[in-house]
Amino acid sequence: MEKVIKIRDEFIKLGQALKLAGIAQTGIEAKIMVTSGEVRVNGETDTRRGRKLYDGDRVETKGGAFVVKAD
């Protein structure tokens, strides 16, 4: 079963989502993961930790995967 990250706002930034999902422990760890190309959003590598994720976006890393769902 795929992990789901629930958000109350319209979007969440990629770095924040990685921390919320428990994949990154700190903002610095999230930044390193993203800028080194370890994160894929909707099947494509994205190196912008400020990338906005919306309802239905899927994130994959070596540490796991999750889908963003709006409340």
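Data for the structure
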read-out	value
Contacts under 6 angstrom Cβ, first residue in region 1-22 being farther than 17 Å from R40 by Cβ, partner acidic (D, E), 6 or more apart	K6/D71; R8/D71
Residue satisfying all of: in region 21-39; of a type outside the set (V, I, T) and either in a loop (DSSP other than H, G, I, E, B) or touching a Ser or Thr at 6+ places or on another chain (Cβ under 7 Å) (or both); nearest to E10 (Cα to Cα) among these	A21
The lone exception for V67 - which of (1) at pLDDT 95 or above; (2) touching a helix residue (DSSP H, G or I) at 6+ places or on another chain (Cβ under 7 Å) it fails	(2)
Residue pairs meeting the criteria (Cβ under 8 Å; at least 6 apart or on separate chains; first free of Cβ contacts under 8 Å to residues at least 24 places away in the same chain and assigned to a loop (DSSP other than H, G, I, E, B), in region 40-61; second open to solvent by 40 Å² or more (accessible area, probe 1.4 Å) and basic (K, R))	N42/R58; G43/R58; G56/K69
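The values are calculated or read from the model by the stated rules, or taken from the named source; none is laboratory data. On a predicted model such as this, the values are computed, not experimentally measured, just so you know. Every residue, glycine as well, gets a Cβ built from its backbone with ideal geometry; the counts of neighbours run over all protein chains shown. Calculation scope for accessible area: heavy atoms of the full protein, side chains included, ligands and nucleic acids excluded. Shrake-Rupley method; radii C 1.70, N 1.55, O 1.52, S 1.80 Å.
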